[in-house]
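Working notes for the structure below.
The values are calculated or read from the model by the stated rules, or taken from the named source; none is laboratory data. Values in this document were obtained by computation on a predicted structure and should not be read as measured data. Cβ sites come from the backbone with ideal geometry, for glycine too, and all protein chains shown count toward neighbours. The accessibility values were calculated without ligands, DNA or RNA, using every heavy atom of the protein model including side chains. Shrake-Rupley method; radii C 1.70, N 1.55, O 1.52, S 1.80 Å.
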Amino acid sequence: MKQKKNKTTFGTLAVAMFWLVVLSGVVLAVPFDMTDPYLSVSNMMMLNPWASLLRNFHYWSSQFFLIFSLIHLYDHFHYKSRIGLKVGISIRLSLSMLIIFLAMITGFLLKGDADSVQARQILQTLAERIPLIGRSLAYSLLGSTESYQLIYVHHIATFTVFIAIAMVEHSRKYWPPAIDFVLSTLGILIISYLLSAPLHDNLNPAVKGPWYFVGFQEILHWLKHPEWSLLIFLVVLVLVYFVNTAKEKVMFRSKRSLLVFTVAYSILTIVGLFFRGENWQWTTPWSEHYKYSVLHSFRTPHVEFSPEFTLEAGVNAPVIQGRKESCLACHTETHGFTDSHSAEAIGCISCHQGNPFATGKEQSHRNMILIPGNLATAPLTCGTTQCHPEIVERVPKGLMATLSGMISVDRFTFNEQDNPDLLTSVHELGNTPADEHLKNLCVRCHLGNPKTELGPVNEFSRGGGCLACHLNYSEDAEKELVENSGGLMKTHPEISVKVTNNHCYGCHSRSGRISTNYEGWHETTLLASEMPDSSNYRLIEDERVFVKEQEDVHHQLGLECIDCHHSYELMGDGTHYAHQEDQQDVQCSDCHIDGTPRTIAAENLDNESAIIAALRFGNISGKQFLVTEKHERALINTFVENDSIWFLTKNSGKKMAMKAPAAQCTRNEAHSDLACSSCHTAWAPTCIGCHNEYDPNERGYNMITNREQTGSWVEYIGEYKAKLPTLGIRKTEGKTEIIPVVPGMIMTTDLHSFTGNEKDGTIFHRLYAPAAPHTTSSKGRSCVSCHNDPLALGYGEGKLEYLIDKGKGKWKFTPRYAADKNDGLPADAWIDFLQTREGKVSTRSNVFPFSVDQQKNILTVGACLTCHDENSPVMQRSLNHYEEVFAKQSSKCILPDWK
Amino acid sequence: MNTRRTFLQTAVAGFAALFLFFWNKITLQHLNTTTPKKYSFPFNKNKLVTFDDEFIVISQSETKVYSAHCTHLGCRIDKMEGNRLICPCHGSEYDLNGKVMKGPAYKNLTELKAQISEDGKTITIES
């Protein structure tokens, strides 16, 4: 027959748990290092599976000690009869409830991770705010921030002893029944094997206290004066006292109050555990970062008794940010990084995530990010607090990520908006004809498009977040990737500032083709099969045929894209711009300087520029760098020394002296409104005769969801040639300038084919677009190539003749191309001869063709040039003294008759 | 009248109070003698925000040093988003002048006195 004193209750189970905690704690003291708790715990988890098991055992037995103690309270409290303990014992019991929580929380603090450090700080602040004795109490309990000595002492001695005494005193038992020990040990062993005690990886931004205090944390977060919450504690202890000692009414009311409090606290605990994420923000289970911010703290590996790496590899694995990472114990020979991103410097999980404390492949790789750096995961990887948060904030607002201009102009040409300048983003595409068009044909070229396959960035690449520019595969890495058949790879690609033209190629060999233009390649309409076998031809992406044209002079000199375009242009400066010319900062005049250069001393550089400059060029102290005029950014690969301006290529460090612009570029008379590129552009790709139609049966693609679909917009092109660009006018707030323009859209769009709506016909547009062709020539174009050229003036190709008859001169234009049936102008024209246009004439609201008066002025000089050679003294003089020369015309001069 | 009992109870209470007094004194004296009054570390005037264990150094037109401890419950502020300093514990936000912008904190960050060395490379902060 069972004797009453050997009955198993929650109380006796709690006693069993207590002794298990003490026993496991004594043994745990062996591998635990009080002087570096975080490192010693991570060492345990990685190198000492038995210690890891014991640590779990210690953790779980302590949690169950708490739980069973609370249930034990409930067991005794839910009876109607009076408990009637003596005052002394009751006071000590209430106090021991507090001490139990203190023992638990000090145990939580002793793992030394990010959760613990912040919890420690909160405890210190709360204690310090107790009047009179607060400061001493806080210090006596927690000690100084650098040492865990006092916390350790209190956890293993002070609180343990007190609990033991209180426990024995009120139960009058030392030991629970033997069966309790057996059941408890067995249960805890199983749980300890399956679920490891928590340890924060010190990277995830969400920090929380232990589960039993999370409800308290929820309360704290509402209180402006959080120290009043300590009174809640006091009230609970007093209520427990009353239940233990008081009579009838008081006891009953105290019991009810405790019940209400328990229910309320449980709800708050659930809220705190499952609905609070980073910065204690409300996070719902269906939000994007729920898994990362909330569920992360529940992920825990089981104990692995035979880790998948050798002990030696584990011991030799480096300590990163205060703890060991198990990744490097298996991936021992991984190399190929730059110094700042090497595995020894930042470890693996700061980029790839996963579990740094698990010792088996499957558990370590859980929730790993194979290809970090895509914009969706950049805030968790490249952009974590200790790394590049400011950059990761800027990039998504830049044009390469939003595609604002591309989308707005497209919608403008589909007549879905009346101006092309609205700010928008590729993440806000809908289902209109323009948006579908963009999804079918255009928007894969945005940084948010994820890179999903391993391998280098090449002409086929589109997007990839940070990797789009910063990923570099060495030859070895590429070779190993190709040859690898599933084993551990050793050569890792590098993340570096070595951004080459190859990185830009994928996207920028399309649209304006500036990548290919720059190198002197023009895309033809030939099929790959039609490509002649000659070095003047080249195949890109296996199907596009390019022919050799004149390369940009800067390319000839060895400059790469990034030698001009700096990080605040490419990664954005945080402003959401409407068009590329707004986000773009560098101008020709920033390097080719007329007069005194604008400079900044190295000591005054902003931090980011200073770091990169030093990384690329070594010691920069004392250097004076050039500063851009538009956005006042330092050009870190330039410097002014001894009245000379020097330029360094960023990737190869090639030094060259910068030339000032020639005299004819800087005079203030004729041509002062011309942008440099108006004269110094060798050619620009021009396309005419496009037609857009939607074919519901065409095999198409949705570039947002990255899925194939049936039905797509199809573009039919007319002609695609490399020609000298047309000139147009851009009017901004500060200035009016003449810029190169190209036929962007002389096209028809069959809207009806998409909407099926009878009211929708075919849209016709004749729009030119501002261009930055990137085919800079060192010698400017000839005078006649603008003044006597119909294409330059906007009339289109053809014969522009100055006919002189009976002493009168008249300009006559015969277009080469037939008239377009939509508006009667030649197929490639912008404006009619000696006419101008208003309204929708270009892809910008600030770009216009020449006015009639301007055309007349240009053609007047053109008339002179039909007789006078452009290098003749009179023509050269007219550049600086036009009025004077004009007034002195001889009787042989025949000026145009405009009637 | 049990004067012996009363005497003993009073004596025990008295000694307990004395012990409490000693404890308070010892702890405060220990704190005063061991807490460093000044911290020095390298300074970079071109870096907008530098986070340290105990301080945040902000260099705008002038350099100011603030305590890194959130005024709500003392958690260490270790990150900046947009132009706000954010506390990871309960989400309080401060602007770059230490002014509290979002609760639960309601007090501004404590500003600390600091001196920059003549060569501009070291900063010394009074705690």
> Looking only at region A:45-94, which residues are under 23 Å from residue A:172 (Cβ atoms), open to solvent by 60 Å² or more (accessible area, probe 1.4 Å) and part of a helix (DSSP H, G or I)?
Replying inline: A:70, A:74, A:76, A:87, A:91, A:92
>> Would you confirm whether or not region A:408-426 contains a residue that is open to solvent by less than 30 Å² (accessible area, probe 1.4 Å), away from every other protein chain (no Cβ under 14 Å), touching a Phe, Trp or Tyr at 6+ places or on another chain (Cβ under 6 Å) and not in a helix (DSSP H, G or I)?
In response: yes
> Taking the stated definitions as given, is residue A:402 open to solvent by less than 50 Å² (accessible area, probe 1.4 Å) and within 14 Å of chain B (Cβ to nearest Cβ)?
Replying inline: no
> How many residues, within region A:21-37, are open to solvent by 10 Å² or more (accessible area, probe 1.4 Å) and either in a helix (DSSP H, G or I) or of a type in the set (Phe, Trp, Tyr) (or both)?
Replying inline: 8
> Scanning region A:611-621 for residues that are within 14 Å of chain B (Cβ to nearest Cβ) and assigned to a loop (DSSP other than H, G, I, E, B), which turns out nearest to residue A:498 (Cα to Cα)?
Replying inline: A:620
>> Considering only residues that are open to solvent by 60 Å² or more (accessible area, probe 1.4 Å) and either within 17 Å of residue A:204 (Cα to Cα) or in contact (Cβ under 8 Å) with a residue 40 or more places away in the chain (or both), which ones fall in region A:242-261?
In response: A:247, A:248
> Does region A:134-152 include one or more residues that are more than 14 Å from chain B (Cβ to nearest Cβ), in contact (Cβ under 8 Å) with a residue 12 or more places away in the chain, more than 21 Å from residue B:24 (Cβ to Cβ) and in a loop (DSSP other than H, G, I, E, B)?
Replying inline: yes
> With respect to residue B:73, is the statement that it is surrounded by 16 or more Cβ atoms within 10 Å (Cβ to Cβ), assigned by TED's automatic domain parsing to the domain that holds residue B:111 and either over 26 Å from residue A:272 (Cβ atoms) or at pLDDT below 90 (or both) true?
Replying inline: no
> Can you name the residue in region B:38-47 that is at the interface with another protein chain (Cβ under 8 Å from one of its Cβ atoms) and open to solvent by less than 70 Å² (accessible area, probe 1.4 Å) and, of all such residues, is farthest from residue A:390 (Cα to Cα)?
Replying inline: B:44
> Does at least one position in region A:271-282 carry a residue that is away from chain B (no Cβ under 14 Å), more than 27 Å from the chain's Cα centre (by Cα) and part of a loop (DSSP other than H, G, I, E, B)?
Replying inline: no
>> Every residue in region A:594-610 that is facing another protein chain (nearest Cβ under 10 Å) and either acidic (Asp, Glu) or crowded, with 17+ Cβ neighbours inside 10 Å (or both), please.
In response: A:602, A:603, A:605, A:606, A:608, A:609, A:610
> Checking residue A:228 against (1) more than 14 Å from chain B (Cβ to nearest Cβ); (2) without any contact (Cβ under 8 Å) to a residue 12 or more places away in the chain; (3) assigned to a helix (DSSP H, G or I), which test does it fail?
Replying inline: (1)
> Just wondering, is there one or more residues in region A:270-293 that are surrounded by 15 or more Cβ atoms within 10 Å (Cβ to Cβ), in contact with an Asp or Glu (Cβ under 9 Å, 6 or more places away or on another chain) and at pLDDT below 85?
Replying inline: yes
> Cβ-Cβ below 7 Å, separation at least six or inter-chain, first residue in region A:429-455 and farther than 23 Å from residue A:503 by Cα, second part of a loop (DSSP other than H, G, I, E, B) and among the charged types (D, E, K, R): which pairs?
Replying inline: A:432/A:416; A:434/A:416
> For region A:711-731, which residues satisfy the criterion of being at pLDDT 90 or above and in a loop (DSSP other than H, G, I, E, B)?
Replying inline: A:724, A:725
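This table checks each residue for (1) under 18 Å from residue A:279 (Cα atoms); (2) away from every other protein chain (no Cβ under 14 Å).
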position: B:49; (1), (2): no, no
position: B:62; (1), (2): no, yes
position: B:81; (1), (2): yes, no
position: B:92; (1), (2): yes, no
position: B:95; (1), (2): yes, yes
position: B:116; (1), (2): no, no
> On the given criteria, is residue A:113 within 14 Å of chain B (Cβ to nearest Cβ), touching a helix residue (DSSP H, G or I) at 6+ places or on another chain (Cβ under 6 Å) and open to solvent by less than 20 Å² (accessible area, probe 1.4 Å)?
Replying inline: yes
> Does region A:116-133 hold any residues that are open to solvent by less than 30 Å² (accessible area, probe 1.4 Å) and more than 8 Å from every other protein chain (Cβ to nearest Cβ), and which are they?
Replying inline: A:116, A:119, A:120, A:127
>> I'd like the residue in region A:185-233 that is open to solvent by 30 Å² or more (accessible area, probe 1.4 Å) and charged (D, E, K, R) and, out of all such residues, is farthest from residue A:25 (Cα to Cα).
In response: A:224
> Can you tell me which of A:529, A:461, A:515 is assigned to a helix (DSSP H, G or I) and in contact (Cβ under 8 Å) with a residue 40 or more places away in the chain?
Replying inline: A:515
>> Filter region A:532-554 down to the residues that are in contact (Cβ under 8 Å) with a residue 60 or more places away in the chain and in a loop (DSSP other than H, G, I, E, B) and list them by number.
In response: A:541, A:549, A:550, A:551, A:552
